[in-house]
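Q: Quick one: the structure is below, and I'll ask about it shortly.
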Amino acid sequence: MKRSVLILLSILTALMAMAQKATVSGVVVNGATGQVVSGASVTADGLSVVTNDDGFFILKTENQPAAVVVTHVGFRPERIVLNGKSAERLNIRLQPTAIQLREVLVIAEDPRELMETAISKIPKNYSQHPELYRCFYRETAMKRQHYICVAEGVVDMYKTSYSKGVRGDRVAIRKGRRLLSSKQGDTLGIKVMGGPVVPVQLDIVKNTEFLLNHEELDNYDFRMESPTTIGDRMQYVVAMKPRRVVSYALYNGKFYIDQETMAFTRAELTLDMSDRQKATNIMLIKKPAGVRFRPKELSLLIDYRNEGEVTRISYLRTTFRFNCDWKRRLFATSFAAFCEMAVTSKTSEDVQPISGRDSFDQRDAFFDKVDYFRDPTFWQDYNIIEPTESLDKAVLRLLRK
């Protein structure tokens, strides 16, 4: 009898926990044009997701939040108060920001000095304590217009103080799945730069060896562009382009700098493709013999979110485009690979490092570390970047094969 009561209590507890779960979902669009807004940040109760390429999101919380906040560069922030109203299928319209104030003053600023000042403020603007981030990671590959590989997972990312560089940072896979085309010839055995360690390597504010150091900045020319906003915060926009020839490929790009705190809040970078071999040296890790690799594009997007007195990395996306051909074939085949990671929650108290045994090595392939797609309820209560409609259809097509 006592055992039956305990079992019944366990079931009721589980049901109560399930009943407390809530979801907020919807589509984010440009209020002026009606076009969907991808990459918008949606936050509530310390949790966050980003909209997919269809502008769609689902945010899972313990209880229905009182409100959600949606932000994106160049738009006014939108706070949607729920007050018990339905939080399903919201239609959120972001209004573009009209920049009028301080435009003349911004043009007078020296862009290189702004970059140097923002670099000097890194110790003040970013966390000086270890933190643990729960993230969602997805990588996909396409041959021409068809998906041939999908791999995704929930990962934990441990980050040391921003004054210590990235050598102590670690990533561990907590749950993941994969799907691969069974068609012969779809898989090349080519490995390009990627994997869930990319958010560690490309956290440009922490990994200053990558770009944000005085010697590297000497390779570039800088210019001021019109200011914009992220959320309700004004941003300087500094554009850069290569000014000299060096032994490796450089980048074209833009940096967004918070006008109040001088924190880097966003970086948009595109690898210079003028020297194909230099671009290949950065993009390509390995390839089979007999395959010729032709780089077309490498673009990076790194977003940081202001959270009170601290700015933290929030989203990263990489895009690779390349052609491959074989010596005896007449035409080359186009391929594209995409990686994206969104921070969905963080922990700052009693944080323990990820052990070396559990951490993902940059030489590993994420695809080799996770299982095949099986369970349709795989993600349960995890917050993820919702798949686009085209990706959903591609997964179903690959599963049938």
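Q: Hey, could you check region 125-137 for residues that are in contact with a helix residue (DSSP H, G or I) (Cβ under 9 Å, 6 or more places away or on another chain) and part of a strand (DSSP E or B) and say which is surrounded by the fewest Cβ atoms within 10 Å (Cβ to Cβ)? Walk me through it before giving the result.
A: So in region 125-137, the residues in contact with a helix residue (DSSP H, G or I) (Cβ under 9 Å, 6 or more places away or on another chain) come out as 125, 133, 135, 137.
Narrowing further to those that are part of a strand (DSSP E or B): 133, 135, 137.
Details: Tyr133: 22, Cys135: 24, Tyr137: 26.
Per the stated criteria, the residue is Tyr133.
Q: Is it fair to say Lys278 is more than 22 Å from Val70 (Cβ to Cβ), out of contact with any helix residue (DSSP H, G or I) (no Cβ under 9 Å at 6 or more places or on another chain), in contact (Cβ under 8 Å) with a residue 40 or more places away in the chain and among the basic types (Lys, Arg)? Spell out how you get there, then give the answer.
A: Working: more than 22 Å from Val70 (Cβ to Cβ): yes; out of contact with any helix residue (DSSP H, G or I) (no Cβ under 9 Å at 6 or more places or on another chain): yes; in contact (Cβ under 8 Å) with a residue 40 or more places away in the chain: no; among the basic types (Lys, Arg): yes.
Against the criterion (more than 22 Å from Val70 (Cβ to Cβ), out of contact with any helix residue (DSSP H, G or I) (no Cβ under 9 Å at 6 or more places or on another chain), in contact (Cβ under 8 Å) with a residue 40 or more places away in the chain and among the basic types (Lys, Arg)), Lys278 does not qualify.
Q: Can we say Ser334 is at pLDDT 85 or above and in a loop (DSSP other than H, G, I, E, B)? Before the answer, list the steps.
A: Details: at pLDDT 85 or above: yes; in a loop (DSSP other than H, G, I, E, B): no.
Answer is no for this residue.
Q: Related question: I'm trying to understand the selection: among the residues of region 179-193, which are out of contact with any Pro (no Cβ under 8 Å at 6 or more places or on another chain), at pLDDT below 75 and surrounded by fewer than 21 Cβ atoms within 10 Å (Cβ to Cβ)?
A: Correct list: Ser182, Lys183, Gln184, Gly185, Asp186, Thr187, Lys191, Met193.
Q: Among the residues of region 133-152, count how many are within 12 Å of Arg177 (Cα to Cα) and touching a Lys or Arg at 6+ places or on another chain (Cβ under 6 Å).
A: Result for region 133-152: 2.
Q: Continuing with this model, one more query. For region 260-279: of the residues being open to solvent by 20 Å² or more (accessible area, probe 1.4 Å) and assigned to a helix (DSSP H, G or I), which is nearest to Arg305 (Cα to Cα)? Explain how you work it out, then say what you get.
A: Of region 260-279, the ones open to solvent by 20 Å² or more (accessible area, probe 1.4 Å) are 260-262, 266, 268, 270, 272-278.
Narrowing the set further to residues that are assigned to a helix (DSSP H, G or I) leaves 276-278.
Working: Arg276: 35, Gln277: 35, Lys278: 33 Å.
The qualifying residue nearest to Arg305 (Cα to Cα) is Lys278.
Q: Every residue in region 207-248 that is within 26 Å of Glu139 (Cβ to Cβ) and either part of a helix (DSSP H, G or I) or open to solvent by less than 10 Å² (accessible area, probe 1.4 Å) (or both), please.
A: Those that are within 26 Å of Glu139 (Cβ to Cβ) and either part of a helix (DSSP H, G or I) or open to solvent by less than 10 Å² (accessible area, probe 1.4 Å) (or both): Leu211, Leu212.
Q: Hey, can you tell me all the residues within region 31-59 that are open to solvent by 50 Å² or more (accessible area, probe 1.4 Å), farther than 25 Å from Gly308 by Cα and either touching a Phe, Trp or Tyr at 6+ places or on another chain (Cβ under 9 Å) or in a loop (DSSP other than H, G, I, E, B) (or both)?
A: Within region 31-59, Ala32, Thr33, Gln35, Val36, Asp53, Asp54 qualify.
Q: Within region 344-391, can you find the residues that are open to solvent by 80 Å² or more (accessible area, probe 1.4 Å), assigned to a helix (DSSP H, G or I) and under 30 Å from Ile285 (Cβ atoms)?
A: Of everything in region 344-391, those that are open to solvent by 80 Å² or more (accessible area, probe 1.4 Å), assigned to a helix (DSSP H, G or I) and under 30 Å from Ile285 (Cβ atoms) turn out to be Asp368, Lys369.
Q: Can you tell me which residues in region 60-93 are in a strand (DSSP E or B), in contact with a Gly (Cβ under 7 Å, 6 or more places away or on another chain) and either over 14 Å from Gly231 (Cβ atoms) or at pLDDT below 95 (or both)? Steps first, please.
A: Filtering region 60-93 for residues in a strand (DSSP E or B) gives 60-61, 67-71, 73, 75, 78-81, 90-93.
Restricting the remaining residues to those that are in contact with a Gly (Cβ under 7 Å, 6 or more places away or on another chain) gives 71, 90-93.
Once the filter is applied, which keeps residues that are in a strand (DSSP E or B), in contact with a Gly (Cβ under 7 Å, 6 or more places away or on another chain) and either over 14 Å from Gly231 (Cβ atoms) or at pLDDT below 95 (or both), region 60-93 yields Leu90, Asn91, Ile92, Arg93.
Q: I'd like the residue in region 287-331 that is among the hydrophobic types (A, V, I, L, M, F, W, C) and open to solvent by 50 Å² or more (accessible area, probe 1.4 Å) and, out of all such residues, is farthest from Thr208 (Cα to Cα).
A: Leu330
Q: Something else about it: Of the residues that make up region 183-197, is at least one part of a strand (DSSP E or B) and either more than 26 Å from Phe335 (Cα to Cα) or in contact with a helix residue (DSSP H, G or I) (Cβ under 9 Å, 6 or more places away or on another chain) (or both)? Before you say what the answer is, go through the steps one by one.
A: We begin by selecting, within region 183-197, every residue part of a strand (DSSP E or B); these are 191-192.
Pick out the ones that are also either more than 26 Å from Phe335 (Cα to Cα) or in contact with a helix residue (DSSP H, G or I) (Cβ under 9 Å, 6 or more places away or on another chain) (or both) and you get 192.
Checked against the condition, which is being part of a strand (DSSP E or B) and either more than 26 Å from Phe335 (Cα to Cα) or in contact with a helix residue (DSSP H, G or I) (Cβ under 9 Å, 6 or more places away or on another chain) (or both), region 183-197 yields at least one hit.
The values are calculated or read from the model by the stated rules, or taken from the named source; none is laboratory data. This one's a predicted model, so the numbers in the text were calculated from it and none came from an experiment. Reconstructed Cβ throughout: ideal geometry from the backbone, glycine too, with neighbour counts over all protein chains shown. Ligands, DNA and RNA are excluded from the accessible area calculation, which covers all protein heavy atoms including side chains. Shrake-Rupley method; radii C 1.70, N 1.55, O 1.52, S 1.80 Å.
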